[in-house]
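Colleague: Input: one structure, supplied below.
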Amino acid sequence: MFVIIVGGGKVGAHLARLLSRGGKRVLLVEERRELCAELSGGLEGVQVLQGSGCDPRLLELAGVREADAVAAVTGTDEVNLVVAGLAHAEFRVRRVIARVNDPKHLWLFTPKLGVDVALNQADILAHLIAEEMSLGEMITLLKLRKGEYSLVEEKVHPRSGAVGRSIAELTLPAESVIAAVIRGGRLIVPRGNLVFEPGDEVLALAHAREIPKLSALWRAPQAG
C-alpha cells in the first residue's frame with residue numbers, strides 16, 4: 001500500500017512513522033526546507049519530498065496517481081482542503097483523509113469537496129476525555145445509515161442491574177446487539193454466558209429508538 005502524507009508536523013511525522021512500521025510505503029510532503037532535513041534523518045523508511053502539497057505538479061512528482069491514499073494533515077484547514085480536492089478530483093485517489101484543525105470548518109470537509117474521512121482533532125479529543133468520564137453514560141462512537149443506527153459504548157455502573165448477570169439473562173431491545181465487551185483493556189467476544197462486571201465497557205449496535213432502553217441496562221437504578 002502506497003500512502004502520501006501532506007504535512008510534516010507532529011501529526012504527519014507520527015502518522016508516517018506508524019504507517020512505515022506497519023509495512024506501508026510512505027511518502028511525506030513538507031514545505032519547510034529545514035524541517036524536511038530533520039524528517040529525512042528521523043523517519044526511517046519514509047521518503048520525504050520538499051514542496052507544497054497544493055502544487056499539482058509536485059503531487060504528480062510524488063506519484064499521486066499510484067497512491068492508494070492521501071492524508072492531508074497540515075496545520076491549515078485551507079491547505080488540507082486544497083490537497084484533498086486535488087487528490088480526489090484531479091488524480092482520482094481512492095481514499096482521501098483530511099485533518100480539521102478548527103471545528104467550525106468541519107462542514108466544509110465533505111465528499112463533495114474531495115474528503116472521504118475528516119478527522120476533527122478537537123472532537124476526537126473531546127470524545128476520548130468524555131469516554132474516561134463516562135461511567136454510566138452512553139457515548140455514540142459511530143452513526144450508520146444517516147443516523148438510523150449507531151455504534152455506542154457505555155460502562156457498566158457498579159449498581160447496574162446487569163452486574164452479575166449474563167447476556168442470556170438480559171432482555172435486549174429488539175433492534176440491538178452487543179458487539180464486544182472490553183474488560184481491563186482486553187476485548188471479549190460476547191457469548192450468552194458472559195457475566196457482566198462493574199466497569200465493563202459494552203460496545204453495542206442499536207437502532208436510534210432503542211438506545212435509551214439499551215442504556216438503561218447498564219446504568220444505576222434511579223432513586224425515588
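The values are calculated or read from the model by the stated rules, or taken from the named source; none is laboratory data. Note that the structure is a prediction, hence the values are computed from the model and not measured. Counting neighbours? That spans all protein chains shown, and the Cβs are built from the backbone with ideal geometry, glycine included. Keep in mind that these areas ignore ligands, DNA and RNA; they rest on the heavy atoms of the full protein, side chains included. Shrake-Rupley method; radii C 1.70, N 1.55, O 1.52, S 1.80 Å.
Colleague: Can you spot a residue in region 154-163 that is open to solvent by less than 60 Å² (accessible area, probe 1.4 Å), within 19 Å of Pro212 (Cα to Cα), among the basic types (Lys, Arg) and at pLDDT below 90?
Modeller: Going through region 154-163, the residues open to solvent by less than 60 Å² (accessible area, probe 1.4 Å) turn out to be 154-157, 160-163.
Going one step further and asking which of them are within 19 Å of Pro212 (Cα to Cα), we end up with 154-157, 160-163.
Cutting the leftovers down to among the basic types (Lys, Arg) gives us 155.
Then keep just the ones that are at pLDDT below 90; that gives 155.
Yes - at least one qualifying residue is present in region 154-163.
Colleague: Something else: Filtering region 1-33 down to residues that are open to solvent by 10 Å² or more (accessible area, probe 1.4 Å) and assigned to a loop (DSSP other than H, G, I, E, B), which residue is nearest to Gly51 (Cα to Cα)?
Modeller: Result: Glu31.
Colleague: For region 78-88, check the following and say yes or no: at least one residue is open to solvent by 70 Å² or more (accessible area, probe 1.4 Å), among the charged types (D, E, K, R), out of contact with any Lys or Arg (no Cβ under 7 Å at 6 or more places or on another chain) and closer than 14 Å to Gly7 by Cβ.
Modeller: So far as region 78-88 goes, yes, one or more of its residues are open to solvent by 70 Å² or more (accessible area, probe 1.4 Å), among the charged types (D, E, K, R), out of contact with any Lys or Arg (no Cβ under 7 Å at 6 or more places or on another chain) and closer than 14 Å to Gly7 by Cβ.
Colleague: Go through region 176-224 and tell me which strands (runs of 3 or more DSSP E), entirely inside it, have 1 or more residues that are surrounded by 17 or more Cβ atoms within 10 Å (Cβ to Cβ), modelled with pLDDT of 90 or more and within 25 Å of the chain's Cα centre (by Cα).
Modeller: 176-183, 201-207
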